[in-house]
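Below is one structure, written out as structure tokens, with a few remarks after it.
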Amino acid sequence: MISDGKDNGAVRTAGNTKYLRAMNSVAIRNIIASDGPLSRKQLAARTGLTAAAVTGITAMLIRRGVLIEAGLSAPAGGRPAILLNIAPKVATVLAASIQKGSINSALFDIHGNILSRRFSTFGASSPEDAVDTVSRQAGQMLQESGMEPADLAVASFATAGLVNPYTGVVKRSTNLGWRDEPIAEKLKAALKVPVLVENNSNAAALAEMAEGAGRGSKNLVYLSVSAGIGAGIILDGRIYSGSHGYAGEVGHTPAVPSGGALCSCGRRGCLEAEYSAGAISAKLAVDDLEGLMDGPLSGEPDVLRVMGEASEAIGRTVAVLMSLYDPEVVVIGGEIASVGGTFLDDVTRSAKSHCLGELADRLDIRGSGLLKDTPMVGARLIALGRLLNMQEWKKD
């Protein structure tokens, strides 16, 4: 978040007047987007620009429909000041999580407020099905919010699998059955806006750091256990994607020495095949895991055995992630985060037993603070990052 006049992007040195004005316009816009509403006096203090320069730039942004006057500040011994904020319908973001058989999406304004949302199932999980579902959801939400397609500024998607965020290609998603899918290109053609695509665990990790259980940390690992298992890694406040965008694919590491359940990747005994939420549900013949360890089945021998094995295996995985990345916080998310009982404590005990003492002493495992919306919230934050780096928004 921008907080002072030194690192907020404002330019105060001599140079091309048109360029300086454009850069300062972006800086003021972004400060208001991050921290608004703000007065012109506050903007001058934040940027170090003169009052006259701020007045001129904000007047231009108001004429272009980017800013609005949004009431008065509370009096503090002087005259109340006019507050400026980003105009409604400017820089609207579509964010969505594409999972096996379902899409969870929402329209957000620049401040992260949900304007409309949809949850849909989609049949064969083909890329075409996903694009059609997203397009339909977007149209419904825009209409519901009194907007036109031209009001949408950017769209961002979190999805399962090996996702290259630099190219927008899903190299492989065993849960969705996709290979070498240029999904960003297809979504861009349908929505007519810039499209970003990220792995769902990476997006969720960003969301937990910014707004969830990991708030305040800069180094975090998010371990999702749902239909699949994957890790999102945040290092120094940024997603660590690896050289091709595939970092964190722990679900396809071996959980048993040999044999084991057949995995969707074609091998046997993968962590995902043995201890994903779907695999655990199948072993216990239950529909889902929510509240399992707080309910009437919690004391059943089979439940205790399977959940004990799962907590041990997931704890071992956490220990490996701790040894590799030394995070401040490990967040457990996905369906497993809602199982209840002592499950997270059991995972913590397992992880500590497999860590070096120095790592075990400071191990901090937390349940997700955002649960089912986590990947979608992360997608929204990724879109916000793109917006703040855009020279112009649609109404600039």
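The values are calculated or read from the model by the stated rules, or taken from the named source; none is laboratory data. Note that the structure is predicted; figures quoted are calculated from it, not measured. Cβ sites come from the backbone with ideal geometry, for glycine too, and all protein chains shown count toward neighbours.
Of the residues Asp129, Asp151, only one is without any contact (Cβ under 8 Å) to a residue 12 or more places away in the chain and not β-branched (Val, Ile, Thr); which? Walk me through how you get there before you give the answer.
Details: Asp151 fails: without any contact (Cβ under 8 Å) to a residue 12 or more places away in the chain.
Matching residue, one of Asp129, Asp151: Asp129.
Pick from the range 121-143 the residues that are at pLDDT 90 or above and among the hydroxyl-bearing types (Ser, Thr, Tyr): which of them is nearest to Gly161 (Cα to Cα)?
Among those that are at pLDDT 90 or above and among the hydroxyl-bearing types (Ser, Thr, Tyr), it is Thr133.
Restricting attention to the range 277-308, and to residues there that are of a type in the set (Asp, Glu) and surrounded by fewer than 16 Cβ atoms within 10 Å (Cβ to Cβ), which single residue is farthest from Leu223 (Cα to Cα)?
Glu300
Report, by residue number, each residue of the range 29-46 that is in contact (Cβ under 8 Å) with a residue 24 or more places away in the chain, aliphatic (A, V, I, L, M) and farther than 9 Å from Ile86 by Cα.
Ile31, Leu38, Leu43, Ala45
For Ser116, state whether it is more than 30 Å from Arg172 (Cβ to Cβ), among the hydroxyl-bearing types (Ser, Thr, Tyr) and either at pLDDT below 90 or in a strand (DSSP E or B) (or both).
It is true that Ser116 is more than 30 Å from Arg172 (Cβ to Cβ), among the hydroxyl-bearing types (Ser, Thr, Tyr) and either at pLDDT below 90 or in a strand (DSSP E or B) (or both).
Please pick out the residue among Leu191, Leu176 that is in the same structural domain as Gly385 (by TED's automatic domain parsing), over 29 Å from Lys283 (Cβ atoms) and surrounded by 18 or more Cβ atoms within 10 Å (Cβ to Cβ).
The match here is Leu191.
List the number of the failed condition for Ala44; all other conditions in (1) assigned to a loop (DSSP other than H, G, I, E, B); (2) outside the structural domain of Asp151 (by TED's automatic domain parsing) hold.
With respect to (1) assigned to a loop (DSSP other than H, G, I, E, B); (2) outside the structural domain of Asp151 (by TED's automatic domain parsing), Ala44 is out only on (1).
For the range 163-173, name all the residues that are in contact (Cβ under 8 Å) with a residue 60 or more places away in the chain and either outside the structural domain of Ile382 (by TED's automatic domain parsing) or crowded, with 22+ Cβ neighbours inside 10 Å (or both).
If the condition is that a residue be in contact (Cβ under 8 Å) with a residue 60 or more places away in the chain and either outside the structural domain of Ile382 (by TED's automatic domain parsing) or crowded, with 22+ Cβ neighbours inside 10 Å (or both), then Val163 is the only one that fits.
Got at least one residue in the range 174-193 being assigned to a strand (DSSP E or B) and in contact with a Gly (Cβ under 6 Å, 6 or more places away or on another chain)?
So far as the range 174-193 goes, no, none of its residues is assigned to a strand (DSSP E or B) and in contact with a Gly (Cβ under 6 Å, 6 or more places away or on another chain).
Could you identify the single residue in Arg380, Arg349, Arg362, Arg386 that is surrounded by fewer than 18 Cβ atoms within 10 Å (Cβ to Cβ) and within 26 Å of Ser25 (Cα to Cα)?
Sole residue among the options that is surrounded by fewer than 18 Cβ atoms within 10 Å (Cβ to Cβ) and within 26 Å of Ser25 (Cα to Cα): Arg386.
Does the range 56-80 hold any residues that are exposed (fewer than 14 other Cβ atoms within 10 Å of the Cβ) and on the phi < 0 side of the Ramachandran plot, and which are they?
Ala59, Arg63, Glu69, Leu72, Ala74, Pro75, Ala76, Gly78, Arg79, Pro80
Against the definition (touching an Asp or Glu at 6+ places or on another chain (Cβ under 7 Å) and at pLDDT below 95), how does Val193 come out, yes or no? Step through it out loud before you land on a result.
On the way: touching an Asp or Glu at 6+ places or on another chain (Cβ under 7 Å): no; at pLDDT below 95: yes.
No: the conditions fail for Val193.
Mind counting the residues in the range 47-63 that are touching a residue at least 24 places away in the same chain (Cβ under 8 Å), in contact with a helix residue (DSSP H, G or I) (Cβ under 9 Å, 6 or more places away or on another chain) and not in a helix (DSSP H, G or I)?
Of the residues in the range 47-63, 1 are touching a residue at least 24 places away in the same chain (Cβ under 8 Å), in contact with a helix residue (DSSP H, G or I) (Cβ under 9 Å, 6 or more places away or on another chain) and not in a helix (DSSP H, G or I).
For the range 314-332, give me each residue that is touching a Lys or Arg at 6+ places or on another chain (Cβ under 9 Å) and either in a strand (DSSP E or B) or of a type in the set (Ser, Thr, Tyr) (or both).
Matches in the range 314-332: Val329, Val330, Val331, Ile332.
Looking at (1) assigned to a loop (DSSP other than H, G, I, E, B); (2) free of Cβ contacts under 8 Å to residues at least 40 places away in the same chain; (3) within 23 Å of Gly369 (Cβ to Cβ), can you tell me which one Met209 breaks?
Of everything listed in (1) assigned to a loop (DSSP other than H, G, I, E, B); (2) free of Cβ contacts under 8 Å to residues at least 40 places away in the same chain; (3) within 23 Å of Gly369 (Cβ to Cβ), Met209 misses just condition (1).
Which one is surrounded by the fewest Cβ atoms within 10 Å (Cβ to Cβ), of the residues in the range 82-107 that are within 22 Å of Gly161 (Cα to Cα) and β-branched (Val, Ile, Thr)?
Ile103
Within the range 119-131, how many residues are surrounded by 15 or more Cβ atoms within 10 Å (Cβ to Cβ) and either of a type in the set (A, V, I, L, M) or over 19 Å from Asn175 (Cα atoms) (or both)?
2
Check Leu84 against each of (1) of a type outside the set (Asp, Glu); (2) in a helix (DSSP H, G or I); (3) closer than 24 Å to Leu38 by Cβ and name the one condition it does not meet.
(2)
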